[in-house]
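Here the structure comes first, spelled out in structure tokens, and everything after it is commentary.
The values are calculated or read from the model by the stated rules, or taken from the named source; none is laboratory data. Because the structure is predicted, anything quoted here is derived from the model rather than measured. Here the Cβ positions follow ideal geometry from the backbone for every residue, glycine too, while neighbour counts run over all protein chains shown. In case anyone asks, the SASA skips ligands and DNA or RNA and just uses the protein heavy atoms, side chains included. Shrake-Rupley method; radii C 1.70, N 1.55, O 1.52, S 1.80 Å.
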Amino acid sequence: MNWKQAAMGTFGAIALVTTAACGGTTEPGGNAQGGKTGTNITVKDNTNTSVYQSFKLEKIDKLPNMRGIAWLSDDLIVSDKENKSLKPVTVEGQERYPHNLYMYDLTKGTDTPLKESEASLGAPLVSPDGQYLFYREPEENTGKGYILNLHNGEATPAGKEDGFIQEGAWLDNEHVVFPNMKGDLISANVDGTIKVLVETGNFNVRSIKVSGNMLYYITGEDGQLNAYDAKRGDVKQVLKSVEWVIPSNDGTRLAIVKRTADTKRALVLTDLEGNEKATLARGTQIFGTSWSGDDSKIAYTINSENDNEKGLFVSNTESAEQFQISADMDNASDPLAWSPEGNKILLSQAVLENESYHFVTSVITISE
């Protein structure tokens, strides 16, 4: 069953609330809306002629009061918003509804709930084949993990241990890996069985990414980048002062956000040994970095005091040429996500309005 077929079926519901990944904690607010609106944004002139010849922004569609998270197909995304059909709870004098995880149809502008729960859920990760979803029931920054079968709506506990929200990755279509509170890297099968892959000896484990047989993760205050070979079962240390690691889809390169000073970051491309090959961007912070499916492009957001150097960018990974899409999109709540066909980028932001935060999702359509 593919997702276009699944969209026609009946799903059970599942709730989701997530904290903003990539810097700072935000709380979603505002009213849930099922429709979509299109908003075109004018892009500033870019003097890089070759980029303009090979890359074009078609449009940016805005989806208010929704947190778009991942693609299930070119028309379907996983999104998070309030479920007002459930009973709210009062927190600090305000009524808050649990956040549910939905399948949103970009063509029809309709939502299908995936599973319903009075407990808020968070930090969803869709398996590579789109059959399962790993999520947590969070309590502040930690929570227990579950694996949801997206066809029958059944959720299986991924062991009994808590782990940090927003940390984890799928090893393959049937195994997800995440750190427990001791810093051990735990592999959980979709049937709920678990095993310890790596005892890192450091509870501060983050930026977990998988590419082929390699599992990358960062430990400690010094930003030590490590690589675990799942076939050989050994770990090697790659680089220090690393804040994020994003391996290419073909497993031949790494995109690394490294700290160059207290308030300076750089996005660089390296080989698998950490040898730098190109610098794509610099800024105060760099978030949301994501490779396109064919590894020809990288999308990312930059925080900077200079309008010409902040916002949402796409770089060519061969020439290192850079294109600014919008100066307003300088914060991403989650990693950016490329559509399966590679012509759309999904970006969500927490926006402060009327003294409360709410999420806005942008679907950016590009052409070459």
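Here are the numbers:
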{"read-out": "Highest-fluctuation residue, Gly288, Gly143, Gly109 considered, GNM on the chain with Cα pairs under 10 Å", "value": "Gly109"}
{"read-out": "Residues in region 276-318 reached by a label modelled at Ser241 [backbone nitrogen below 16 Å; 7 Å Cα→Cβ]", "value": "276-286"}
{"read-out": "Stretch gain in nm, segment Glu318-Thr252, where the contour uses 0.36 nm per residue and the Cα spacing is subtracted", "value": "22.5 nm"}
{"read-out": "Cut-off under 5 Å, modelled amide H: who pairs with Glu321 long-range", "value": "Asn316"}
{"read-out": "Whole-Hz ³J(HN,Hα) from phi, Karplus 6.51 cos²θ - 1.76 cosθ + 1.60, for region 104-110, glycine and proline x", "value": "9, 8, 5, 6, 8, x, 10"}
{"read-out": "Simple Cβ-charge dipole of region 266-368, Lys/Arg +1 and Asp/Glu -1, about Cα centre, in debye nearest 20", "value": "60"}
{"read-out": "Tensor-based shape of region 257-368 (alpha-carbon gyration tensor, a/c under 1.5 rounded, otherwise prolate or oblate)", "value": "oblate"}
{"read-out": "Computed [θ] at 222 nm, helices only, for the chain once each DSSP H run of length n ≥ 4 contributes -39500 (n - 2.57)", "value": "-500 deg cm²/dmol"}
{"read-out": "Relative contact order, percent, region 121-225 [alpha-carbon distance under 8 Å, six or more residues apart]", "value": "18"}
{"read-out": "1.4 Å probe accessible area per residue over the chain, in Å²", "value": "46"}
{"read-out": "Prolate/oblate/rounded label for region 146-282 (Cα gyration tensor, a/c 1.5)", "value": "prolate"}
{"read-out": "Distant-in-sequence amide H partners of Thr110 (H built 1.01 Å from N, under 5 Å)", "value": "Asp105"}
{"read-out": "Extension gain, His151 back to Lys195 (0.36 nm per residue minus Cα-Cα distance, nm)", "value": "13.3 nm"}
{"read-out": "Gyration tensor verdict on region 76-180 (Cα atoms; rounded if a/c is under 1.5, prolate if a/b is larger than b/c, oblate otherwise)", "value": "oblate"}
{"read-out": "The chain - percent relative contact order, Cα under 8 Å, separation 6 or more", "value": "16"}
{"read-out": "At R0 = 22 Å, FRET efficiency that the Cβ-Cβ distance of Asp229 and Arg259 yields, to 0.05", "value": "0.25"}
{"read-out": "Estimated FRET transfer efficiency (Asn308, Met181; beta-carbon r; R0 51 Å; 0.05)", "value": "0.75"}
{"read-out": "Computed E for Asn343/Lys108 - FRET, C-beta separation, R0 22 angstrom, nearest 0.05", "value": "0.70"}
{"read-out": "Dipole of the chain [Lys/Arg +1, Asp/Glu -1 at C-beta], most positive-end residue of Ala350, Val238, Tyr102", "value": "Val238"}
{"read-out": "Phi to ³J(HN,Hα) by Karplus 6.51 cos²θ - 1.76 cosθ + 1.60 over region 152-166, Hz, x for Gly, Pro", "value": "10, x, 7, 10, 10, x, 8, x, 10, 8, 6, x, 6, 4, 6"}
{"read-out": "For region 262-272, 3J(HN,Hα) per residue [Karplus equation, 6.51 cos²θ - 1.76 cosθ + 1.60, θ = phi - 60°, Hz, x = Gly/Pro]", "value": "4, 10, 10, 10, 9, 9, 10, 9, 10, 7, 6"}
{"read-out": "Loop-located chymotrypsin sites (Phe, Trp or Tyr not before Pro) in region 121-225, at most 15 other Cβ atoms within 10 Å (DSSP)", "value": "Phe203"}
{"read-out": "For Ala337, distant residues with modelled amide H under 5 Å away", "value": "Leu346"}
